[in-house]
Amino acid sequence: MFPLHLVAFAGGSDPDTVLRDSVLIETQCALRADTIRIRCHGPETRSELYDLQKDPKPQSNLWHRAEAAELQIQMMGHLIRQMALNVDPHWLLLKQRL
């Protein structure tokens, strides 16, 4: 048996093929989409929003900057949609039984 490249396994042939537009990091409530990273810590703590093209070593948090308000809203919507689409139904059933 030979190893399969993930792209070939997914039905593609070009290793440069983009399979998805973002990556959800569930353990951190975070999302990376293109060059933007958002991470939510909850209402009591400061969340994070970075433009990785302008700030490749995330140091300049844009979360509370007025000029990034539209980007924050857009990325929060994207994060919420991805979280909703990736809910594990087995976990929901287990939670109902507890």
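The values are calculated or read from the model by the stated rules, or taken from the named source; none is laboratory data. Treat the numbers as computed from the prediction; the structure is a model and nothing was measured. A quick note on method: Cβ atoms are made from the backbone with ideal geometry, for glycine too, and the neighbour counts reach across all protein chains shown.
What the table below lists for this structure:
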{"item": "Residue that is modelled with the highest pLDDT [pool: residues in region 1-59 that are in contact with a helix residue (DSSP H, G or I) (Cβ under 9 Å, 6 or more places away or on another chain), of a type in the set (Asp, Glu) and not in a loop (DSSP other than H, G, I, E, B)]", "result": "Asp51"}
{"item": "Selection within region 31-47 - surrounded by fewer than 16 Cβ atoms within 10 Å (Cβ to Cβ) and not basic (Lys, Arg)", "result": "Asp34, Thr35, His41, Gly42, Pro43, Glu44, Thr45"}
